[in-house]
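Report on one structure; see the data block that follows.
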Amino acid sequence: MNILLIGATGMIGSRILEEAKQRGHAVTAAVRNPERVTPHQQVAPTAFDLADAPRFQELAARADVVVAAVSPRNTGNPETEALAYADALIAGVGTTRLVLVGGAGSLNLPDGTPVANVVPEPYTAEAKGMRAAFEKIAASTVNYTVLAPAAEIAPGTRTNQFRTGGRTFLVDDQGQSRISAEDYAVALMNEVEQPAHPRQLFSVAY
């Protein structure tokens, strides 16, 4: 499979890149600084700017799937940045399938309360921005899937043991919501290879 991976050097994107390589896929790693991508025969680093719609359209048209793993943390205004991110994805992806790294703020508590409304204040703007970005993409004609992580996602161990769910926030028996970036990448690549959530948001946690 030919994968266009946007954000291949980030904490989550780099794990997705490694998982895709292990599964034998060819990856175009679209990043600001391609020299940061470790050379590999299955990986083609390319300099990329999301705002360059014609270039995005060209790359997406050559891919079987676009995986977008970018966080709105570059401008200091995550809500505006997240909506611009959604606009760029909608403008560039065309008819190619989009699998998007989402945010836990796009999930809901069991009573229906948006998680974005109850996250700690330092994360509120980003959570609300990613939720608004998801809603904008969902209202478009894009063939998308969004995978929302648990509340805590960090580098860890690839166990291949996790749960997936719908839009309801997942917690374990101790009330914790967590996933390693490595297992998140496994769940996302499972979806890339065997699409089970077309035009849906789903979630993953231990």
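Observations
- Meets criteria (in contact (Cβ under 8 Å) with a residue 24 or more places away in the chain, under 30 Å from residue 59 (Cβ atoms) and surrounded by 23 or more Cβ atoms within 10 Å (Cβ to Cβ)) for residue 89: yes
- Pairs, first under 18 Å from residue 1 (Cα atoms) in segment 42-63, second acidic (Asp, Glu) and outside any loop (DSSP other than H, G, I, E, B), C-beta under 8 Å, six or more apart: 45/35
- Residue, surrounded by the most Cβ atoms within 10 Å (Cβ to Cβ), within segment 51-83, restricted to residues that are more than 22 Å from residue 189 (Cα to Cα) and aliphatic (A, V, I, L, M): 82
- The set of residues in segment 138-183 being β-branched (Val, Ile, Thr) and within 15 Å of residue 69 (Cα to Cα) consists of 145, 146, 153.
- Residue list for segment 99-116, restricted to those being of a type in the set (A, V, I, L, M, F, W, C) and exposed (fewer than 15 other Cβ atoms within 10 Å of the Cβ): 109
- Restricting 97, 131 to those that are of a type in the set (D, E, K, R), closer than 25 Å to residue 17 by Cα, touching a strand residue (DSSP E or B) at 6+ places or on another chain (Cβ under 8 Å) and touching a residue at least 60 places away in the same chain (Cβ under 8 Å) reduces the list to 97.
- Of the residues contained in segment 117-128, none is found to be more than 16 Å from the chain's Cα centre (by Cα), exposed (fewer than 13 other Cβ atoms within 10 Å of the Cβ), farther than 13 Å from residue 104 by Cα and modelled with pLDDT of 95 or more.
- Scanning segment 87-100 for residues that are closer than 10 Å to residue 144 by Cβ and in a helix (DSSP H, G or I) yields 89, 90, 93.
- Residue match in segment 13-24 (condition: part of a helix (DSSP H, G or I), closer than 26 Å to residue 128 by Cα and in contact with a strand residue (DSSP E or B) (Cβ under 8 Å, 6 or more places away or on another chain)): yes
- Residues in segment 20-41 that are closer than 21 Å to residue 194 by Cα, in contact (Cβ under 8 Å) with a residue 24 or more places away in the chain and among the charged types (D, E, K, R): 23 alone.
- Hey, residue 156 at pLDDT 95 or above and small (Gly, Ala, Ser) or not: yes
- Selection status of residue 80, more than 12 Å from the chain's Cα centre (by Cα), among the polar types (S, T, N, Q), outside any strand (DSSP E or B) and under 19 Å from residue 10 (Cα atoms): no
- Any hit, segment 52-62, residues being basic (Lys, Arg) and assigned to a helix (DSSP H, G or I): yes
- Test: residue 162 is in contact with a helix residue (DSSP H, G or I) (Cβ under 8 Å, 6 or more places away or on another chain), surrounded by 13 or more Cβ atoms within 10 Å (Cβ to Cβ) and over 29 Å from residue 63 (Cβ atoms): no
The values are calculated or read from the model by the stated rules, or taken from the named source; none is laboratory data. Owing to the predicted nature of the structure, the values given are computational and were not obtained by experimental measurement. Note that we place each Cβ from the backbone using ideal geometry, even for glycine, and neighbour counts take in every protein chain shown.
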